[in-house]
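To start, the structure itself, in structure tokens.
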Amino acid sequence: MVESEPDEKLLIEAAQGDPRCFADLYRMHFDRVYAYVARRVATRSDAQDVTAEVFQQALAGLRRFEWRGIPFLAWLYRIAAHAVIEHRHRSGRGLTMPAVPALEEPEHEKTERRASLYRAVRELPADQRRVIEMRFAEGRPIADIARTLGRSQGAVKQLQLRALDRLRARLDEDHA
């Protein structure tokens, strides 16, 4: 079951008015989008990159999103499908995508996973947490984050990678 329509609609409207509110939509849907992408690409690094692209594209196109009662996650899945195809074109791996249906998880499990993610992000070292917030919640490009933090792009990418690895490990611990 996906978030109730009125709540999700309000979150979308808030994010359309203030992109900083996109963080709630990101937190709500990150796990499912990442899982969708990870099943369709070759490596964890590819899954991280493609998932980041999905949320960047979603944030960039959010003002054009029109609520029609269909879950926001469906729109994210469509963006993800296109991003996977583009990734495969860039990497020369062809277009064959296994048909894996998205499985619905019970609402209480989704709520617990979301709470675990919030806790895990809060527990990240400050520099890693800031990169994750700027990259995924605010949708900022690596170059912009590097300028803001006074670090190289490579350093920002490394912070992002470490943060995502730490988040994944923490979430795996919580749900083992």
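The figures follow:
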{"quantity": "Fully extended contour minus Cα-Cα distance, from residue 78 to residue 126, at 0.36 nm per residue", "calculated": "14.0 nm"}
{"quantity": "Ranked 85, 70, 79, criterion: other C-beta atoms within 10 Å, fewest first", "calculated": "70, 85, 79"}
{"quantity": "Residue exposure sequence - 77, 118, 34 - by fewest surrounding Cβ within 10 Å", "calculated": "118, 77, 34"}
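No lab work stands behind these numbers, since they all come straight from the coordinates. Keep in mind that this is a model prediction, so the values were computed, not measured. Neighbour counts run over all protein chains shown; Cβ positions are idealised from the backbone, glycine included.
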